[in-house]
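The values are calculated or read from the model by the stated rules, or taken from the named source; none is laboratory data. For clarity, every value in this text was computed on a predicted model and none was experimentally measured. Here the Cβ positions follow ideal geometry from the backbone for every residue, glycine too, while neighbour counts run over all protein chains shown.
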Amino acid sequence: MLYEAQRKAPLAPTGLFHLGVVYLVWSSTYLAMRILVAPDSGFTPFTAGASRMLIASMIILAIAYFRNTNIWPSGKEWLLIAITGTLFWVTGNGLILWAEKHAYSGLAALFASTTPIWAAFLESIFSKKRLSPQLIGSLLLGLTGIAVLMAPALANFNSIDIVSGLALVCASLSIATGSVIQSRHAVHIPILALSGWQHLFAGILFLIITAFNGDPFPLPNINSLLALVYMIIFGSVIAFTSYTITLKLLPINIVMTYAYVNPVLALFLGWWILHEPITYWTIAGAIIVLLGVVGVFRQHK
């Protein structure tokens, strides 16, 4: 009854505005990442990740502190931050950054859109629940969509494109794993503070990786510098804040539509701004992947 009342209630204009912010900004972050790691950008994927994480963490933690002074995690929560921060931002976002040196931004967004499918599958495994036929079908659709998206690279045996595609699959799995782990462990600090600490831990880990990898000190050009600022201010701070507001003001089934909208917008932005090609393989793979995502959300609804 409560869900029915919420579903029939008028949608809050403020919530819809912030949902629009999530649509536009999170869709465009794949474009910004592509610019950030372009061959002449002055960044390697890991120095780009370190720069974004460290600067964003300072801003997010400062905002969290002024909103609520209780931002310090407990002992066990530090472990949760270390695990989820690594899964979300280092093996998740870091692999996307690495893959986008070769993969188109729209393609990366489509691979990332499979994350809800992986998360639903992993949640069933962790909960020791039998997989429903609908979830199995959604997972198979997602895998089929990935295979279709990678078909041109597999047909031409383009090793760089194949490895980039596999990296994007691993990134989606990593983010899904982090999402499931975080959802199963409650924390006493605000979600904004949790995100700030995750950013900080990931930034430190990125720095360690760059040291072992011997990455040069970043010397960004104007385009990559603007992309970095956009990722920090809009991607990490503004869009995340808007997302938390939408969760409070709108029904969850409305909020989760970003999973359908973001890859489509990312494809359009990549085609419009960077002239990335959209092939029949891309369209077919996108449709199949999004059908799998729809199936997951219908089951949760």
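Scanning the range 38-62 for residues that are under 18 Å from the mean Cα position of the chain (by Cα), closer than 19 Å to Ile233 by Cβ and either crowded, with 24+ Cβ neighbours inside 10 Å or among the hydroxyl-bearing types (Ser, Thr, Tyr) (or both) turns up Ala48, Gly49, Ala50, Ser51, Arg52, Met53, Ala56, Ser57, Ile60. Are any residues in the range 140-197 in contact with a Pro (Cβ under 9 Å, 6 or more places away or on another chain) and either farther than 20 Å from Ser124 by Cβ or without any contact (Cβ under 8 Å) to a residue 24 or more places away in the chain (or both), and if so, which ones? Across the range 140-197, the qualifying residues are Asn158, Asp161, Val187, His188, Ile189, Ala193, Leu194, Trp197. Of all residue pairs spaced 6 or more apart or on separate chains, those with beta-carbon atoms under 8 Å, a first member in the range 126-139 that is farther than 23 Å from Leu290 by Cα and a second member that is at pLDDT 85 or above and not in a helix (DSSP H, G or I) are Phe126/Arg184.
With the condition kept exactly as written, say whether any residue in the range 163-172 is touching a Gly at 6+ places or on another chain (Cβ under 7 Å) and either surrounded by fewer than 16 Cβ atoms within 10 Å (Cβ to Cβ) or in a helix (DSSP H, G or I) (or both). Yes, the range 163-172 has at least one match. Note on the range 185-293: enclosed helices (runs of 4 or more DSSP H) holding 3 or more residues that are buried (at least 18 other Cβ atoms within 10 Å of the Cβ) and touching a helix residue (DSSP H, G or I) at 6+ places or on another chain (Cβ under 9 Å) are 191-213, 222-230, 239-249, 258-273. Taking the conditions (1) of a type outside the set (A, V, I, L, M, F, W, C); (2) more than 19 Å from the chain's Cα centre (by Cα); (3) within 20 Å of Arg298 (Cβ to Cβ) in turn, Ser113 satisfies each one other than (2).
Scanning the range 190-214 for residues that are over 18 Å from Gly235 (Cα atoms) and modelled with pLDDT under 90 gives a single hit, Pro190. Of all residues in the range 239-254, those that are under 23 Å from Gly196 (Cβ atoms) and either among the polar types (S, T, N, Q) or more than 15 Å from the chain's Cα centre (by Cα) (or both) total 8.
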